[in-house]
Amino acid sequence: MKKISIVLAAILGFATLSAQADVANAEKLAQKYATIAKNVDPAFAGVSAEAGKEFYTREIKQFKGDAKTEGKPVACASCHTANPADKGRHIITGKSIKPLSPVTNKKRFSDIDKVEAAFVKHCNEVVGSDCAAFEKANYITYLLTEKTPTAKK
Ligand code: HEC
């Protein structure tokens with residue numbers, strides 16, 4: 001049994017195997033949000049990674065932060081960085097945030113309750129209200145396209 005799994009692991013590669021499982025979870029979640037979006041608005045044309053990227057980098061001035069950040073333009077990228085395959089950094093606490101891309105961080109988008117809670121919290125902080133299902137679908141679809149951490153100089 002052990003031998004077989006080692007051989008299998010050698011053929012498939014452990015990293016590829018687990019990455020694929022997690023990417024599948026994120027893909028499923030994106031589909032779920034897309035289905036809700038379609039129910040809300042039958043004219044919804046389908047997910048768009050491009051729209052997701054725009055949303056991710058769009059700066060909005062409704063951030064409910066502290067004195068340092070209040071009223072300053074903030075985007076999802078402010079904490080999660082321009083490349084979601086990279087580690088982020090919280091703009092208030094300075095704490096490191098694990099990468100948001102499910103391709104480079106297998107723990108992302110595996111627990112729907114956690115994902116929903118994070119969306120509600122961050123969308124309220126940044127956008128001033130919860131994000132729409134189509135925005136969440138686009139968002140995850142975009143994150144799935146970010147596969148490569150920025151090379152360290
Ligand atoms: C002020 C900093 C900050 C901003 C701005 C921010 N986030 Fe986050 N985000 C965090 C932190 C901190 C975590 C959780 C840390 C962790 O789980 O490693 C997180 C985690 C998440 C997660 C959890 C994913 C998972 O499965 O674990 C989602 C989804 C998310 N953020 C979406 C967004 C969206 C959408 C925006 C923009 C509208 C945004 N975030 C902007 C700090 C931020």
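FYI, it's all coordinate maths here, none of it is from the lab. As the structure is a prediction and not an experimental result, all values here were calculated from the model. Ideal geometry is used to build each Cβ from the backbone, glycine not excepted, and the neighbour counts take in all protein chains shown.
Details
- Backbone phi angles across region 51-59, fed through the Karplus curve with coefficients 6.51, -1.76 and 1.60 (θ = phi - 60°), yield HN-Hα couplings of 5, x, 5, 4, 5, 4, 9, 5, 8 Hz in residue order; Gly and Pro are listed as x.
- In a simple Cβ point-charge model (Lys, Arg +1; Asp, Glu -1; nothing else charged), region 91-143 has a dipole of about 340 debye relative to its Cα centre.
- Neighbour counts of other Cβ atoms within 10 Å put Ser48, Ser78 in the fewest-to-most order Ser48, Ser78.
- Ranked Lys152, Lys106, criterion: other C-beta atoms within 10 Å, fewest first: Lys152, Lys106
- By the beta-carbon count within 10 Å of each Cβ, the least crowded to most crowded order of Thr93, Thr35, fewest first, is Thr93, Thr35.
- The dipole here belongs to region 42-153: it is taken about the Cα centre, uses +1 on the Cβ of Lys and Arg and -1 on the Cβ of Asp and Glu, and is about 620 debye.
- Between amide H atoms placed 1.01 Å from N, distances below 5 Å from Ile60 occur with Val74, Ala75, all of them 5 or more places distant or on a separate chain.
- Our coupling estimate for region 29-38, obtained by passing each phi through the Karplus curve with A = 6.51, B = -1.76, C = 1.60 and θ = phi - 60°, is 4, 4, 5, 4, 5, 5, 5, 4, 4, 5 Hz, Gly and Pro reported as x.
- Taking amide H as placed 1.01 Å from N in the peptide plane, Ile97 has its amide H under 5 Å from the amide H of Gly88, Arg89, His90, each at least 5 places away in sequence or on another chain.
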